[in-house]
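Since the structure comes first, as structure tokens, the remarks are kept for the end.
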Amino acid sequence: MEKESILVVDDEKEIRELIKIYLENEGYNVILAEDGEAALEVLENDEVHLIVLDIMMPKMDGIEACLKIRKNRNMPIIMLSAKSEDMDKIMGLTTGADDYVTKPFNPLELVARIKSQLRRYFKLNTSKPVNNSIIEIDDLLINVDTHEVKVEGKNIKLTPTEFDILKLLAINKGVVFSIEKIYEKVWKVDFFDSDNTVMVHIRKIREKIEKNPRKPEYIKTVWGVGYKVDG
């Protein structure tokens, strides 16, 4: 089986090399880049399955690079930054990142998050035929097998994490999921803090599928409890 390729983008050589060592020990192919511009060049020439992307970098920072990458690519992106404030996390996730890891970080935790994102990515992009499974909620159509989402017949482009959240809620129509439960089921790791990761993703999904994100028709908020999709 061909090795999965991971692009590690960070202006600190020591960080790049540390991550490379841990990932190569897990059998991954690792490509290194020192800034956003170099990362975009790599993507033009190499197949990449996941990106670890630092935010604070010269020439082109991680936020700008993420925005450019998301224009036509949907591989998982894990933001890596020394910034830990909620607004910095929200900014990173809003630009299209799937997860956010704060420096200093435990390399083993980063590897675990990478594995989780790759499992989701390959599950979403598998070409193996399975039983057709389509969920229709008013004008919203979700094809679980082909991972297509349409609203009023128009294709909606979701990141792998956004798709998993929407699918979880849609398959379990009427069931209220807490933020903690959504995080554990989608990210496949224990929920350990009260950051805004899930809420940011819910907001991004609403911006893409709702006519009026402030008055959502599909993903409803159950105040003090969580979120649900009504059938």
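FYI, it's all coordinate maths here, none of it is from the lab. Just so it is clear, the structure is predicted and the values come from calculations on it, not from any experiment. Don't worry about glycine lacking a Cβ; one is built from the backbone with ideal geometry, like all the others, and counts go over all protein chains shown.
Quick notes on this structure:
- Residues 161, 94 in ascending order of nearby Cβ atoms (within 10 Å, fewest first): 94, 161.
- Computed across segment 134-229, the Kirkwood radius stands at 13.5 Å (inverse of mean 1/r, all Cα pairs).
- Protection proxy ranking of 108-114, 54-60, 96-102 - average other beta-carbon atoms within 10 Å, highest first: 96-102, 54-60, 108-114
- Nonlocal amide H pairs with residue 101, under 5 Å, H built at 1.01 Å: 79, 80, 81
- Computed over the chain with a Gaussian network model linking Cα atoms closer than 10 Å, the most mobile of 37, 64, 152 is 152.
- Lysines with Cα under 26 Å of residue 103, excluding same-chain neighbours fewer than 8 positions away: 13, 20, 59, 68, 83, 89, 115, 181, 185, 188, 204
- Whole-Å distance, taken between Cα centres, linking segment 46-117 and segment 147-210: 18 Å
- Taking 147, 201 and counting other C-beta atoms within 10 Å, the order from fewest to most: 147, 201
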